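One structure below.
The values are calculated or read from the model by the stated rules, or taken from the named source; none is laboratory data. Quantities reported herein were computed from a predicted structural model and do not represent experimental measurements. Cβ sites come from the backbone with ideal geometry, for glycine too, and all protein chains shown count toward neighbours. All accessible areas refer to the heavy atoms of the entire protein, side chains included, with ligands and DNA or RNA removed. Shrake-Rupley method; radii C 1.70, N 1.55, O 1.52, S 1.80 Å.
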Amino acid sequence: MRRFAPVIIVTLFALLTAQPLFVRQLTCSDDNFFALTRAVTLEQLIRDGHIFSRWSPHMAHGYGYPFFNYYGPLVSFLLVALHTLGFIYPTALHILFGLCILGAGLGAYAFAREWWGEAGGVAAAIVYLTAPYLAFDILFRAALAETLALVWLPIILFTLHRALIADSKSQMADGNMPPVGRKLFATRSGYLLFAALSFAALMYTHNTSSLAAVPLITGYVALMAFLQRDWRKLFQGGLIVVAGLALSARFWLPALAEINLVQTDRLLVPPIFTYYTNYLSLRELFAPPAVIDPLLLNPSPAKALGLIAALLAIVGLAAVAYRVSQKAEQPATRNPQPVGTWHLTFGIWSLLALSAYALLTLPLSQPIWDRVPLVPFIQFPWRLLGPAALCAAVLAGGGVHWLKRNQWIAATAIALVATLGHLSWWYPRYCEPFKEITLGSTLKYEYDTFTLGSTAKGEYLPRTVKLLPDDDSIAEAIMRGEQPDYLTGLPADSQLTVVNPDPLDYRATVSVSTPTRLTFNQFHFPGWQAVLDDHLADIQPTPDTGLITVLVPAGTHTLRFHFGDTPVRTAGDLISLVTFIAAITYSVFRIPFKRHAPHAHTPTPPHSLDFGVWVLMFGVLSLIILRPLVLERTSNPLRHSVFDGQTIRVGYPVNLNLSGGLTVLSTEFPS
């Protein structure tokens, strides 16, 4: 029981935090339907035999869209997997968000435990999984890919940590070093592989989050090299990053090399989608806890690091500094964790990382956004709140060292303060009940919202597309569940026999009496090939609309339209394949799969639980019960409304009746 107690506690807090997802209603979020559209489209591609297709023929009014050439597909694969298990797509979305909350907590626990011990790891996990920015991503943005990226970040740091210290000989007996090296010496190869795979998974999940995470990852490699006075660690850490990039080259290499083939300039327009209009104020960055108002429709909670997280981070670093200055003896706890100069150095590094990420969300950082290459691709400065939240959470975990003996009591205090202090961010607005999503409904959503291909501005439209076609017959056929007529422009006396209607590998036999230019109703994009009678045919895009056309001579001919690779896509595929084979070979020959017998002197950990563990378990179980039964059913200090049904206790009362039944109760202007 004791061995699994930290994981059980983190899981219980994840269940408590995820309670807003335990309803059969979608939240009023920006990207809910985008995430569902991508998964539905991917599932149709898989059914058609195109598991890793870069082109989505059913998007963009049915004329096709190179979505998966530019956007990481991992979260869509996970949604499809859950749907395959029998869950409808909205349910699968909520399940995956819930798993992300749990994954974020477990990842933060694993990493912070390396520095602060089990109690500190649990405290850090709870601060991270309740973080305001995680709530904002899940409940108000529904940014599924970015949310999963926040799961990978602590996992990368944990596996990187294990890989870089597992073979260290320097200071191995020094209490200043976290005691994992000797026990994990035989598994160093495994952690090298896991770190590379985790970084590759981050790349396949969300490219801008990967860009934001790279400074933290490389900075941690430099920290480990400095602490161990072993600059070979820079090479080892760099090798891990390069291996992760190589494993994910199939995605990022074409996305980067072919970015000029699509209309990304459609997206980067003010005021919503530009970095210089999305800075935070200090008040937003360090937003304090707020009373939950169940009747409030807007605004959404602040995009924030949060005052509570910031204070807990400072308290945590102060605790580590105090313990080091006191040169205290080892705390008399089971599985004690020594605190020394290594830990203080790590705490200072974490504070510097936290400060850097936080400062980059403020207007004073604009010269950096203006001048440093690649930084503008992060797009929203407040995206850096994700790494900042992890740094703050890890620092908060160090707060358990204020107590020499009862660190689990300190962990309980940190966990409860973070949970209750962040609670107001975890109350979303709900818009519509669950219903299954189909390929037809994804196209209807495009028309209803004037969006394209599950993107806000159609930024992945090929540059040959100046205007969308007026003909909606392709989309209408898909919405009716019928097979669209992809090949059009046939004369009245012609004959068409469709051999394979799959738009990514369309095959037909056509008979025409005169030379005819036929239109294949997909947008032209590099990779499309037309084959006429087993010979490549010239493709000529239609003016403005950019549809594929080919000239067919008189007579009977076989015609095939196929979406394939370009040289850079082939190069990316080969790099990833070769690296994957090398990684598998490495794991077979270098990773010991047999469990080593423990040394005779290895003590057996006790089976009883610390009193503080029981207190923390009781606290979280009480909150799980009290939140839906008491907190959300009564008016209390944490949850109440300023509106009693007649008057509102905010601003200056006016009680002005307007037409249409609208009454202005009060006005309030910012000072």
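In table form, for the structure just shown:
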quantity	calculated
Average accessible surface area per residue within the chain, 1.4 Å rolling probe, Å²	45 Å²
0 to 90° range, to nearest 10: angle between helix 407-421 axis and the chain longest Cα axis	50 degrees
With all protein chains modelled, accessible area of Thr218 [1.4 Å, Å²]	70 Å²
Rounded to 10°, Cα long-axis angle of helix 385-397 versus longest principal axis of the chain	20 degrees
Dipole moment magnitude, nearest 20 debye, the chain about Cα centre, only Lys, Arg, Asp, Glu C-beta charged	3100 debye
Highest to lowest packing among 661-669, 263-271, 235-243, scored as the average C-beta count within 10 Å	235-243, 263-271, 661-669
Ordering of 351-364, 47-60 by packing [mean C-beta count within 10 Å, highest first]	47-60, 351-364
Euclidean distance of C-alpha centroids, the range 499-527 and the range 263-299, integer Å	46 Å
For the chain, Cys with no neighbouring Cys Cβ under 4.7 Å	Cys100, Cys391
Rounded to 10°, Cα long-axis angle of helix 439-449 versus longest principal axis of the chain	80 degrees
Top positive-direction residue, dipole computed over the range 388-500 with Cβ charges, set Pro433, Gln407, Leu423	Gln407
Structure-derived Rg/Rh (Cα atoms, Kirkwood Rh): which label, when the choices are (1) 1.04; (2) 1.02; (3) 1.40	(2)
Local electrostatic count at Gln263 - Lys and Arg +1, Asp and Glu -1, tallied over other residues with Cβ under 10 Å	+2
Rounded percent of accessible protein surface that carbon and sulfur make up, the chain, 1.4 Å probe	65 percent
Segments 546-554, 431-439 sorted - mean Cβ within 10 Å per residue, highest first	546-554, 431-439
Count of Lys pairs (Cα-Cα under 21 Å; at least 8 positions apart or interchain) in the chain	8
